[in-house]
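Presented below is the structure to which this report refers.
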Amino acid sequence: MTDQTITSVSREHRLIRPSAEFKAQANLGSDATYKRLYAESVNSPEEFWGRQAKEHLVWRKPFKKVLRWSPPHAEWFLGGKLNVSENCLDRHLGTARENKAALIFEGEPGDVRTITYKQLHFHVCRLAHIFENMGIGAGDRVAIYMPMIPEAVMAMLACARVGAIHTVVFGGFSPEALKDRINDCQAKLVITADGGWRRGKIVELKANVDRALEGAPSVQTVMVVRRCGNEITMVDGRDVWWKEAWLGAPNTHEAKGFDAEHPLFILYTSGSTGKPKGVLHTSAGYLLGCKLSSQYVFDLKENDRYFCSADIGWVTGHSYVVYGLLSNGATIFIYEGAPNHPEPDRFWQMIDRHGLTILYTAPTAIRAFMRWGDNYVLRHRLDSLRLLGSVGEPINPEAWMWYHRMIGKKRCPIVDTWWQTETGAIMIAPLPGLTPLKPGSATRPFFGVVAKVVDERGREVPRNTGGKLVITKPWPSMLRTLWGDDERYKKAYWSEIKDVYFTGDGARQDEDGYFWIVGRIDDVLNVSGHRIGTAEVESALVSHPAVAEAAAVGRPDEFKGQALVVFVCLKAGHTATDPLKEELRSHVAKEIGSLARPDVIRFAAALPKTRSGKIMRRILKEIATGGIVKGDTTTLEDFSVVASLQAEE
Ligand code: ATP
Ligand code: MG
């Protein structure tokens, strides 16, 4: 062991076995099948993926070679041609799925729309014509800056249909952030809406676009959906209404096949650790990763109604709202607004109203629900749910247990899915019905994923020892590069250890081979010579009944190397007092040992988060050190949170 090894302090040992009922209907049958297929997928990846690609995707021209790997660049399914939108839509036409709901939408004001596969196909075909008439075609970049409304999904699929590369920018981002992203990829077209509803107010999307475009000369056309009816200005010769463009466009569209490696989208990462990176994904490998993982990780059934609460502005919204689900012919539910509007029980209301069967959400949301109190949940039946999922951050075991008990009524397995914008699809996750679950662990690798926990020199560390999480073999849905910056691609992901993909996350594998993410490598604490992951300390805090959420960071300390500073948000009904601080310090010491006893506890009304809901520890680190926040804050959700934390200092 070197002193760079991460000490794992977690003592979580609960094991939740799948019910016999769930097991009996699981898509993969048995755990033995998973083990056999997994072994094949890593021992003979070309055979495995070649077979899956033939079985799961609709090809215009068959591929000749499965993989060309010249590290760190991979090409998959060479020589093959396909159309991604055809794989999500046309393939379902003329089948029993034709008149099935592809999409159920609920707007924040309560308006509901249901769109069948046939109708969605019709919309996308028309839009594809409109794009082509505008001169948007293969390789052109299109920025999508929209609320969570059906037109956003249509826009993505229409880009895919004509071979244009979409870059979806989350509708909560500022004009500045939008401008940066448009300029980085030189988008020619922006698709937006007049506004979107958020907590009863209108988010002025079109006005933001106007401001962004003052500094983004590449954009020639702006297409605007009427959503809120708010007043906007339309610039002559540049802006067109979606509805008007719509008139007269033919409603069939012959899709062309594009190369398997044709770029599908650019998506900028959340920015938890620094300046966002423009991750590039291509067509066939990406789609295959999404389709296969959706089918097995969500154990999709024909009559599922699947609700993923992620915005399409995040990778989760790309892979697990749009591409993975529609390619499987599933019914997706999308919701426009805030989870606490008009009341904190909006999700539970919608689940009952629409009979939703799968809920995929993030730990930040789960902790917010816990904080708002059980009463909001208990008013609803939630009996249509059969499966729950989590993504985005490590889920604290106590939040997992709450989700399991309160939302899943102990009946629904939880799939904790570890992956990244860069990985394109889920990498580590349980297969429901097969994998015994451990609260807080993403469990085992998905097909084709060779994940390892290694030390500084790239040597695998012993079980139950922390280290860096790496992926040692290429996989079909991996990013191909960073847009316009291949050097940064090589440096950020492939230079830590030669030809091995570095995730940036710290992890440990337990005695059963299960993976536990202990936090970001950059955030690892160094207390008296022990390197401790943030997630483990935070989970210990969250296991105290008064605590809703916590963030742990280090501050330079003369004696210990680093002093442990924790920021704590309390649940409704608890008050911040000095005795409670003392109690929390002892609680952590009791849960994980005195080496992790916090030096400083600070109560906070809220924690700084990215707009995708992740805690931004790099900002808290600066606050704990007493400095002013200097790093990139463009992806910060609410600067007032930082301002009030700084003011308290
Ligand atoms: P940036 O790369 O710009 O700092 P980001 O890493 O937050 O932003 P994403 O690609 O959206 O951007 O998030 C991926 C990261 O989220 C993972 O590297 C991991 O740290 C965390 N994560 C996602 N899912 C899980 C999970 N199930 N368990 C633990 N951590 C997770
Ligand atoms: Mg990242």
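The values are calculated or read from the model by the stated rules, or taken from the named source; none is laboratory data. Quantities reported herein were computed from a predicted structural model and do not represent experimental measurements. In this analysis, Cβ positions are derived from the backbone assuming ideal geometry, glycine residues included, and neighbour counts consider all displayed protein chains. What goes into the accessible areas is simple: the full protein's heavy atoms, side chains included, and nothing from ligands, DNA or RNA. Shrake-Rupley method; radii C 1.70, N 1.55, O 1.52, S 1.80 Å.
Could you tell me the relative contact order of the chain? Use alpha-carbon pairs under 8 Å, at least six residues apart, and round to a whole percent. Intermediate values should be presented prior to the final figure.
Values: 1431 pairs, mean separation 92.2, N = 649.
About 14 percent, as a whole number.
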Handout entry: Cα-centred dipole magnitude for region 172-330, charges only on beta-carbon of K, R (+1) and D, E (-1), debye, nearest 20
Key = 320 debye
Exercise for the section: Any chance you could get the radius of gyration and Dmax over the Cα atoms of region 193-273, in Å? Expected result: 16.5, 47
Completion exercise
Under a 1.4 Å probe, counting only protein heavy atoms, Tyr38 has an accessible area in Å², nearest 10, of 50 Å²
Exercise for the section: Go ahead and collect, in residue order, the members of region 257-285 whose backbone nitrogen is under 19 Å from a label point 7 Å along the Cα-Cβ direction of Lys490. Expected result: 278-280
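Quick one: pull the percent of accessible area on region 528-647 belonging to carbon and sulfur, 1.4 Å probe, ligands and nucleic acids left out. Don't skip to the answer; put the middle values down first.
Working: 2490 of 4730 Å².
In region 528-647, the share of accessible area belonging to carbon and sulfur is 53 percent.
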Completion exercise
The percentage of the accessible area of region 1-93 (probe 1.4 Å, all protein chains present) made up of carbon and sulfur atoms, to the nearest whole number, is 52 percent
Fill in the blank from the handout: Rounded to whole Å, √(5λ) for the Cα gyration tensor eigenvalues of the chain, largest first, gives 37, 28, 25
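Ignoring ligands, DNA and RNA, what percent of the 1.4 Å accessible area of region 305-419 is carbon and sulfur? Spell out each step's value before the answer.
On the way: 1420 of 2920 Å².
Answer for region 305-419 is 49 percent, counting heavy atoms of protein chains only.
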Handout entry: Nearest-20 debye value, region 1-155 charge dipole, Cβ charges on Lys, Arg, Asp, Glu
Key = 580 debye
Practice task
Report the antiparallel proportion of the DSSP beta bridges in the chain as a percent, rounded to a multiple of 5.
Solution key: 60 percent
Exercise for the section: Mind computing the radius of gyration and Dmax over the alpha-carbon atoms of region 338-434? Å is fine for both. Expected result: 13.3, 39
Handout entry: Net charge over other residues, Cβ less than 13 angstrom from the Cβ of Phe639 (K, R count +1; D, E count -1)
Key = -2
Completion exercise
Toy charge model, Lys and Arg Cβ at +1, Asp and Glu Cβ at -1: region 528-647 dipole around Cα centroid in debye, rounded to 20, equals 200 debye
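Accessible area per residue, 1.4 Å probe, Å², for the chain: what's the number?
Per residue, the chain has 36 Å² of solvent-accessible surface.
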Fill in the blank from the handout: Rounded to the nearest 10 Å², the accessible area of Val203 using a 1.4 Å probe with every protein chain kept is 50 Å²
Exercise for the section: Of the options Ala550, Leu584, Ile619, report the single residue whose Cα projects farthest towards the positive end of the charge dipole of region 528-647 (beta-carbon charges: Lys, Arg +1; Asp, Glu -1). Expected result: Ile619
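Grab the beta carbon distance between Arg199 and Glu231, set R0 = 25 Å, and tell me the FRET efficiency rounded to 0.05.
Details: r = 20 Å, r/R0 = 0.81.
With a Förster radius of 25 Å, E is 0.80.
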Completion exercise
When the charge dipole of the chain is computed with +1 at the Cβ of Lys and Arg and -1 at the Cβ of Asp and Glu, the Cα pointing farthest to the positive end, of Trp402, Gly519, Gly171, is that of Trp402
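Using the per-residue mean of other Cβ atoms lying within 10 Å as a proxy for protection, in what order, highest first, do the peptides 236-246, 154-164, 252-262 fall?
Numbers: 236-246: 13.7, 154-164: 26.9, 252-262: 18.5.
Per-residue Cβ counts within 10 Å, averaged per peptide and sorted highest first, yield 154-164, 252-262, 236-246.
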Completion exercise
Treating every alpha carbon of region 10-84 as one equal point scatterer without solvent, the Debye formula yields log10 I(q)/I(0) values at q = 0.12, 0.21, 0.27 Å⁻¹ of -0.56, -0.98, -1.22
Completion exercise
The Cα extents of region 461-596 along the principal axes, largest first and rounded to whole Å, are 52, 36, 32
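State the antiparallel share, in %, of DSSP beta bridges confined to region 528-647, rounding to the nearest 5. It would help to have the intermediate numbers written out before the result.
Details: 12 of 16 bridges.
Here the antiparallel bridges make up roughly 75 percent for region 528-647.
Considering just Cα atoms, how many Å³ per residue does the convex hull of region 528-647 enclose?
Dividing the Cα hull volume of region 528-647 by its residues yields 112 Å³.
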Completion exercise
Share (percent) of C-alpha pair distances in region 244-361 greater than 25 Å works out to 40 percent
Exercise for the section: Note down, for region 584-645, the three equivalent ellipsoid semi-axes (square root of 5 times each alpha carbon gyration tensor eigenvalue), biggest first, whole angstrom. Expected result: 26, 13, 10
Exercise for the section: Anything over 32 Å Cα to Cα? Flag those among Lys201/Lys243; Lys438/Lys490; Lys277/Lys473; Lys61/Lys243; Lys301/Lys468, in the order listed. Expected result: Lys438/Lys490; Lys61/Lys243; Lys301/Lys468
Problem - Over 23 Å (Cα to Cα) - which of Lys452/Lys491; Lys118/Lys206; Lys54/Lys491 fall in this group - result: Lys118/Lys206; Lys54/Lys491
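Sorted by accessible area with a 1.4 angstrom probe, largest first, how do Ser612, Ser477 fall? Display every interim value, and only then the final one.
Details: Ser612 30, Ser477 5 Å².
Reading off the accessible areas and sorting them downward yields Ser612, Ser477.
Any chance you could run the full-extension gain for Ser174 through Asp599? It's 0.36 nm times the residue separation minus the Cα-Cα distance, nm to one decimal. Kindly include the intermediate steps, with their values, before the conclusion.
Details: separation 425, 0.36 × 425 = 153.00 nm, distance 3.68 nm.
Going from the current span to full extension adds 149.3 nm.
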Handout entry: Overall Cα dimensions of region 121-167, principal axis frame, Å, largest first
Key = 25, 23, 14
Handout entry: Relative contact order (%) - criterion: Cα under 8 Å, at least six apart; region: region 405-461
Key = 25 percent
